[in-house]
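Input: a single structure, listed below in structure tokens.
Throughout, read-outs are computed from the coordinates displayed, never taken from laboratory work. These figures come from a predicted structure and were not determined experimentally. Quick reminder, even Gly has a Cβ in these numbers, built from the backbone with ideal geometry, and neighbours come from all protein chains shown.
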Amino acid sequence: MTITNAQPEEREPGLLHRSLIERPQKVISGLGIYLTLADGSRILDGCCGAAVSVIGHGNKQVQDAIMQQYASIEYVHTMAYTTSSAEELADALIELSKPFGLTKAYFVCSGSEAVDAAMKLARQYHVENGQPQRKRFVARRQAYHGNTIGAMSVSSNLPRKIPYDGVLTLDNVSFVSPAYAYRGQRDAETEEQYAARLVQELDDEFQQVGPETVIAFVAETVGGATAACITPPKGYFEGVRKVCDRYGILLILDEIMCGSGRTGSYFAFEREGDVRPDLVTLGKGLGGGYAPIAGVLISEKVVHVLKRGSASFVHGHTYQAHPACCAAGLAVQQIIKRDDLVAKCLSRGALLESRLRSVLGNAKYVGEIRGRGLFLGIEFVQDRASKQPFKPAVKFASRMQEAAHSRGLAVYPGSGTVDGVNGDHVILAPPLTITEEEVEEIVRLLKMAYDAVEEALV
Ligand code: PLP
């Protein structure tokens, strides 16, 4: 799944790339929705890497904010010191999250670290709440939460997990079905019935492992990397919240990919009814790619217990709440607010979705077009009627990525394995600043790419 240089240089690179054989394309600059490659060609960034660059590339205001931070203080250790950037970023996020009971923010450098921190906060909450017997997590199949040991343990991205499974993963995690209507909802079932069945499955899992032993249920609100933008059925997260509450189990929502406005509300869970998560992780759209920053938003319920208990979070990284990263994050969040990008995301997302449906909706190998806001996935199947996926050797998603790239469009490919079924997909997640003309250009290029892939397979 690496877009490689057509003519690799002779010299062996010092940098360890994802592939030890092929080398990725070198990008020399970026502006707005476009990237410029070393050979001078332009790529329309239809996926922002992995749904990262929410305000697009090359934003001068963010660059200036970072430089200003460096001009005053580049680094302090959070054990003894803080900075205005970190405080103001936290306040900006808490202003958005307070109506949902989230009152503190904790910053780290990557999404995986944020998930690990949330898992540790959840464990510490129970220990200090007099329930140290809670030692288990329940997560979902078809989920991706990151690559560190904690985050990988609650993930089910099998290609990334298999070499380490059972050696570098926790054995106190069990899994339930994803909310994946395309493959999970039965023909005779309404959306609400499907949601109720999934909630019952979660309840059964809690019963099976002993609800008094469970720390938290971990889920992406809208499933991303291994699932391609699967949105939950109506009532699902409200039901999940009720079951968690029944047993005193915390709810961790991972919004690293789907949060920060990407789905047309700042938090994806805002569209799920009355759902108040205990911990929420944010990442990609937090720094918009301008700096490595991710975070955890923590509910007052958790904060209260820790305050009353040890009065500290037993955790820490040297670079947590790094001043330059927080300055970048703050500037990105200010731009999202100033330019009303969350509302814009909703309208541009609706346009992109409807244009994709009209151009690709009936295509031979398109199984489903789904998602929310500017977070849209297309799942490809060999047979639309039976939903039979392509054999992995066909590498349909990689073919799509390559065909799109060679026509000047970046898309994010993937294949998820759920209950033994391997499905190819691509994700579209352009900047929230995208114009209507750029939406049309994505659709035009993607259709050309798809047609080429379809033709090559006939
Ligand atoms: N959680 C979700 C939902 C993600 O999509 C990702 C990355 O794709 C992560 C966590 C891990 O984030 P990072 O790659 O920044 O460690």
(message) How would H315, H126 line up from fewest to most surrounding beta-carbon atoms within 10 angstrom?
(response) H315, H126
(request) Name the helices (complete DSSP H segments) of the chain with a Cα length along the long axis of 24 Å or more and a Kyte-Doolittle mean of at least -1.0, or state none. (result) 111-128, 191-209, 341-360, 436-457
(message) With 10 angstrom as the radius, rank T318, T433, T169 by how many other C-beta atoms surround their C-beta, starting from the fewest.
(response) T318, T169, T433
(request) Describe numerically, in nm with one decimal, the distance between label points set 7 Å from Cα along Cα→Cβ at Q61 and at E12. (result) 4.8
(request) Indicate the gyration tensor shape class of segment 3-108 (rounded, prolate or oblate), computed on the Cα atoms with a ≥ b ≥ c the square roots of the eigenvalues: a/c under 1.5 is rounded; otherwise a/b larger than b/c is prolate and the rest oblate. (result) prolate
(message) Given a Förster distance of 45 Å, report the FRET efficiency between Y81 and R357 from their Cβ-Cβ distance, rounded to the nearest 0.05.
(response) 0.30
(request) Would you mind checking K301/K344; K344/K387; K120/K284; K135/K161; K284/K344; K284/K364 for any pair whose Cα atoms are more than 24 angstrom apart? (result) K301/K344; K344/K387; K284/K364
(request) Scan the chain and report its longest stretch carrying no trypsin sites (Lys or Arg not before Pro) that are both in a DSSP loop and have at most 10 other Cβ atoms within 10 Å. (result) 187-458
(request) Please find the FRET efficiency linking S29 to S174, where r is the Cβ-Cβ separation and R0 is fixed at 51 Å, and quote it to the nearest 0.05. (result) 0.65
(request) Within 10 Å of each residue's Cβ, count the other Cβ atoms and sort S41, S85 from fewest upward. (result) S41, S85
(message) Could you work out [θ]222 nm for the chain from helices alone, using -39500 (n - 2.57) per DSSP H run of at least four and dividing by all its residues? Round to the nearest 500 deg cm²/dmol.
(response) -12000 deg cm²/dmol
(request) Compute the separation of the alpha-carbon centres of segment 252-294 and segment 144-202 and state it in Å as a whole number. (result) 19
(request) Can you find, among A216, C109, L352, the residue farthest towards the positive end of the dipole of the chain? Put +1 on the C-beta of Lys and Arg, -1 on that of Asp and Glu. (result) A216
(message) To check you understand DSSP bridge types, tell me what percent of the beta bridges within the chain (both residues inside) are antiparallel, rounded to 5.
(response) 70
(request) Mind jotting down the three principal axis lengths of the chain based on Cα atoms? Whole angstrom, largest first. (result) 63, 61, 44
